[in-house]
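Step one of this worksheet: look at the structure below.
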């Protein structure tokens, strides 16, 4: 059993998660229990959870359509309305069972329904396990801009049950894996080097890797909860990655990218910028780029795409006073925050990416 | 100059408010300033504020339609989108200039835009001055249910400028006055007795009364910020009052009621319930009812209206475990919280109200 215990936002992982979930339910004594699922987790994960519920637990299911395009205020309104229709009160509990869309949206809905009800997150995607399980960020997209509306509030607890990963398509695993690679880059070269052995078909071993990522993120968030400094490193690769993700979501003629796929491109670009501006070693730039491209392939960006993506950077939440702020690396686990980068150098980074030969 | 200073949510009142506002702006150094107004305050209050802004301040105006029916998620989406289009970042500041709809909605929008930007409230209605200026509650309605979606977060500061009251229709003053009467009931019979001298045509004297209400509310909120106990008294008259307000908002054939007008009815009913269940003195019940009815008149409720209002009670945010929780009074400033009341007694309260002869 692995656990990080806090007053709010404890994370539990391992075979005992279900008995701890039952214990939390019995201590919390919610007046009503609601389970938020999407159309995928309703089929693939809900039956597993239901088997683990106390026999006498009465609960109701709220279902949202799957997919990032539904992570909207409009979906929130639908869930708020259902909670209201089902007579949820302030002592009700919302259990979010799903990937990042369900945990981000469900966390926001719970944090704002009647000015805040309790919620529990049970992440079912690799991305949600290693990224959304710690830190308390929640929210939804506004148009094509990611996570523009939300709050920071920890769930009551988080339960990580690695067996759910078996229900995921391979692309979803690869997407979540990008955040694990990020944890290696910003915090531990040793972890980065070990990560090539990550294999979800062996849940016990996979759990060790996932837990290491959760611990890295938890260390960062605990040291700097309000994101003044160190926590900004979690944004590594995300400045360009988010803009790329938004751009491809918005333009139906572009091949869609999962979050982690966009962030993987963002990290190649950030590594290049780091090597140009912060002396990130060239050899490591070559090695890491080869690994990213071998896993994620090379996405086709036209010059026009690149200009539009640069244009989108100004909407990044981390920006202040009109500056686009990048996190850069001097080396693995050695960072510089609030770095400004010329658009010309960003264009060079895209050229480096497009012309890289594995 | 009157002030309540806190780390967040300081309240300032008096002629020096504008110089303090300029000081706060100069200390805060927001990257951008946005002023949220409604179609009324844009005309009647914004020019006064603009005259007081530092000469070199650059800011943008966001306007929402006036009226409680626009206190919706849909209006929020509109404001979030405008902030995004105008490239608001995390260091931007939102100044909410208006009545409760503007300060409640603006506070919620600011608390959730990019997971929270700073905001300042400048209440322009009596209700917003005496009620919304302290306590940090914000939010919007969901359908016809009041304040179902929101969070608790204090503004950076609140500036109360009593001269704005001159811009209000009389009904709006009467509506806000109901909350002041509530402060008398729950906290001070002396204040209740003095309140008959309240007169907005004399701003200096009115300011004293308004400040006394703000101080009463501040004492309550400071003693019990998380609403476990004492703060619930601020809900006096609101359990039935909110249901009455929602019902009249929802039914276009009923004469619409302002918030305070509905709460005034709720307080007459609560005083009756208090006299039946908590020995609130009969004589004071007669006296207070006569005052409420002389100010607010008697609203016409059919038996069917009463049943529908009772039905709506179950949506009250203060309810837990299926119980409708009332605050009742043993006397002025002597309260009992979490009281359950039979529907039959609620019907009697409406009968008392309908048949009362001044």
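Numbers for the structure displayed
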| read-out | value |
| --- | --- |
| Extreme residue, nearest to the other protein chains (Cβ to nearest Cβ), among residues of the stretch A:321-336 that are assigned to a strand (DSSP E or B) and surrounded by fewer than 18 Cβ atoms within 10 Å (Cβ to Cβ) | A:323 |
| Filter pass, residue A:68 being surrounded by fewer than 23 Cβ atoms within 10 Å (Cβ to Cβ) and away from chain B (no Cβ under 14 Å) | yes |
| The stretch A:96-118, residues that are in a strand (DSSP E or B), buried (at least 24 other Cβ atoms within 10 Å of the Cβ) and either over 18 Å from the mean Cα position of the chain (by Cα) or within 14 Å of chain B (Cβ to nearest Cβ) (or both) | A:113 |
| Residues within the stretch B:157-170 that are part of a strand (DSSP E or B) and more than 28 Å from residue A:108 (Cβ to Cβ), tallied | 2 |
| Residues that are in a helix (DSSP H, G or I) and over 21 Å from residue A:317 (Cβ atoms), drawn from the stretch A:243-272 | A:268, A:271, A:272 |
| Failed condition for residue B:308, given (1) in contact (Cβ under 8 Å) with a residue 40 or more places away in the chain; (2) closer than 19 Å to residue B:175 by Cα | (2) |
| Residue selected from the stretch B:146-157 under the condition in contact (Cβ under 8 Å) with a residue 24 or more places away in the chain and closer than 15 Å to residue B:131 by Cβ, by the criterion nearest to the other protein chains (Cβ to nearest Cβ) | B:150 |
| Residue satisfying condition, being outside the structural domain of residue A:143 (by TED's automatic domain parsing), surrounded by fewer than 16 Cβ atoms within 10 Å (Cβ to Cβ) and part of a helix (DSSP H, G or I), within set A:275, A:294 | A:294 |
| Selection count, the stretch B:312-341, where residues are closer than 27 Å to residue A:117 by Cα and over 24 Å from the mean Cα position of the chain (by Cα) | 5 |
| Qualifying residue in the stretch A:190-204 (condition: in contact with a helix residue (DSSP H, G or I) (Cβ under 6 Å, 6 or more places away or on another chain) and closer than 18 Å to residue A:347 by Cα) | no |
| Flag if residue B:164 is over 15 Å from the mean Cα position of the chain (by Cα) and either on the phi < 0 side of the Ramachandran plot or in the same structural domain as residue B:23 (by TED's automatic domain parsing) (or both) | yes |
| Members of the stretch B:337-351 that are buried (at least 18 other Cβ atoms within 10 Å of the Cβ) and farther than 18 Å from residue B:231 by Cα | B:341, B:346, B:349, B:350 |
| Identity of the residue in the stretch A:71-89, part of a loop (DSSP other than H, G, I, E, B) and surrounded by fewer than 17 Cβ atoms within 10 Å (Cβ to Cβ), that ends up farthest from the other protein chains (Cβ to nearest Cβ) | A:86 |
| Residue that is surrounded by the most Cβ atoms within 10 Å (Cβ to Cβ), among those in the stretch A:119-145 that are within 12 Å of chain B (Cβ to nearest Cβ) and part of a loop (DSSP other than H, G, I, E, B) | A:138 |
| Subset tally (residues that are surrounded by fewer than 17 Cβ atoms within 10 Å (Cβ to Cβ) and either touching a helix residue (DSSP H, G or I) at 6+ places or on another chain (Cβ under 6 Å) or over 26 Å from residue B:149 (Cβ atoms) (or both)) for the stretch B:45-62 | 10 |
| Qualifying residue in the stretch A:223-234 (condition: in contact with a strand residue (DSSP E or B) (Cβ under 9 Å, 6 or more places away or on another chain), outside any helix (DSSP H, G or I) and closer than 19 Å to residue A:98 by Cα) | no |
| Options A:223, A:228: the member that is free of Cβ contacts under 8 Å to residues at least 12 places away in the same chain and either within 14 Å of chain B (Cβ to nearest Cβ) or closer than 30 Å to residue B:149 by Cβ (or both) | A:228 |
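Here is a yes/no grid of residues against (1) over 17 Å from residue B:156 (Cβ atoms); (2) under 27 Å from the mean Cα position of the chain (by Cα):
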{"residue": "B:22", "(1), (2)": "no, yes"}
{"residue": "B:29", "(1), (2)": "no, no"}
{"residue": "B:37", "(1), (2)": "yes, yes"}
{"residue": "B:40", "(1), (2)": "yes, yes"}
{"residue": "B:47", "(1), (2)": "yes, yes"}
{"residue": "B:54", "(1), (2)": "no, no"}
{"residue": "B:62", "(1), (2)": "yes, yes"}
{"residue": "B:74", "(1), (2)": "yes, yes"}
{"residue": "B:90", "(1), (2)": "no, no"}
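Results for (1) buried (at least 18 other Cβ atoms within 10 Å of the Cβ); (2) in a loop (DSSP other than H, G, I, E, B); (3) out of contact with any strand residue (DSSP E or B) (no Cβ under 8 Å at 6 or more places or on another chain), shown as yes or no for each residue.
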site: B:147; (1), (2), (3): yes, no, no
site: B:155; (1), (2), (3): yes, yes, no
site: B:182; (1), (2), (3): yes, no, yes
site: B:190; (1), (2), (3): no, no, yes
site: B:206; (1), (2), (3): yes, no, yes
site: B:210; (1), (2), (3): yes, no, no
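The values are calculated or read from the model by the stated rules, or taken from the named source; none is laboratory data. Model, not experiment: these values are computed from the prediction. We place every Cβ from the backbone using ideal geometry, glycine too, and count neighbours over all the protein chains shown.
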